[in-house]
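The values are calculated or read from the model by the stated rules, or taken from the named source; none is laboratory data. The structure displayed is predicted, hence computed values, not measured ones. For neighbour counting, all protein chains shown are included, and Cβ atoms are generated from backbone atoms with ideal geometry for every residue, glycine included. Note: accessible area is taken over every heavy atom of the protein model, side chains too, but ligands, DNA and RNA are not part of it. Shrake-Rupley method; radii C 1.70, N 1.55, O 1.52, S 1.80 Å.
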Amino acid sequence: MHSFKRPAVTLICGVDEVGRGPLVGAVVTAAVILDPQRPIIGLADSKKLSEKKRQLLATEIKEKALCWALGRAEPSEIDELNILHATMLAMQRAVTALAIQPEWVMIDGNRCPTLPMPATAVVKGDALVPEISAASILAKVARDEEMAQLHLRYPQFGFAEHKGYPTAAHMAAITQYGILTEHRRSFKPVRLIAERDAALVTKSQELIL
């Protein structure tokens, strides 16, 4: 049983991320300050909700929240900083983009980014803190929409199905069609394929010489 102490302030912001594990695309974060006068029924960890329910709740959150914002870190930033530091950066960007500055930030997980206000990390926060649940829903819907758009550009990769995670189908597509600019080259499965391809090019050049 996880326990946490909810801060005794009015403007609490929940923050969560989606997309730390995939091999492609940005890591997307959301920050949400809910309006206690306009409760939203059904908030939960976005992973436990159906796609339809997430989309309906995302619309309601955007309509009822005092404010909300998205943040992101691109594949190039993930490769440069590593996924942990890129996620912290994306969280900072989401909080900074809020129209209202929160008095306290509650973050899903076990660590907080550097912020100008107090912050608390809550393990399993997306299931325990409504503000974090709302953030997880907005981040999940936003990133899934980005994967749907990427699918339209590269239908052969199947991004609409696997959302960029390292499934067998995704790995087979990378092997067959190559690495995209949207891929995270520092992630081991992509890096190994890049190294193998580079070795093949080198070998073919040596044969020509």
Inset, instruction - Count the net charge of all other residues whose Cβ sits under 9 Å from the Cβ of L84, scoring Lys and Arg as +1 and Asp and Glu as -1. - result: +2
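Just subtract the alpha-carbon distance of A172 and S76 from 0.36 nm times their residue separation and send over the number in nm, one decimal. The partial results should precede the final answer.
Details: separation 96, 0.36 × 96 = 34.56 nm, distance 2.28 nm.
Length gained between A172 and S76: 32.3 nm.
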Legend entry - Euclidean distance of C-alpha centroids, region 173-200 and region 36-103, integer Å: 30
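Taking 0.36 nm per residue of separation and subtracting the Cα-Cα distance, what length does fully extending R38 through E63 add?
Net length gain for the segment: 8.0 nm.
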Inset, instruction - Please list the non-local residues whose amide H lies under 5 Å from the amide H of V105, H modeled 1.01 Å from N, same-chain partners needing a gap of 5 or more. - result: C13, A119, T120
Legend entry - Inter-site label distance for T114 and Q156 at 7 Å from Cα along Cβ, in nm: 4.4
Inset, instruction - Taking amide H positions as placed in the peptide plane 1.01 Å from N, state which residues far from V24 in sequence (5 or more) or on other chains have amide H under 5 Å from it. - result: R184
Inset, instruction - Search the structure for amide H atoms under 5 Å from the amide H of C67, placed 1.01 Å from N in the peptide plane, and list their residues when 5 or more places away or on another chain. - result: I33
Legend entry - For the chain, alpha-carbon Rg relative to the globular expectation (2.2 N^0.38 Å, N residues): 1.15
Legend entry - Surrounding net charge for V95, when Lys and Arg each add one and Asp and Glu each subtract one, Cβ distance under 14 Å: -3
Legend entry - For region 35-41, 3J(HN,Hα) per residue [Karplus equation, 6.51 cos²θ - 1.76 cosθ + 1.60, θ = phi - 60°, Hz, x = Gly/Pro]: 9, x, 7, 10, x, 10, 8
Inset, instruction - Apply the Karplus parameterisation 6.51 cos²θ - 1.76 cosθ + 1.60, with θ equal to phi minus 60°, to every residue of region 114-120 and state each ³J(HN,Hα) to the nearest whole Hz, in sequence, with x for glycine and proline. - result: 6, 9, x, 9, x, 8, 10
Legend entry - Computed helical MRE - 222 nm, the chain, DSSP H runs ≥ 4 contributing -39500 (n - 2.57), nearest 500: -14500 deg cm²/dmol
Inset, instruction - At 1.4 Å probe size, with no ligands or nucleic acids counted, give the accessible surface of L34 in Å², nearest ten. - result: 30
Legend entry - Vicinal HN-Hα couplings computed from phi for region 135-152 (Karplus, 6.51 cos²θ - 1.76 cosθ + 1.60; Hz; Gly/Pro x): 5, 5, 5, 5, 5, 5, 4, 4, 5, 4, 5, 5, 5, 5, 5, 5, 4, 5
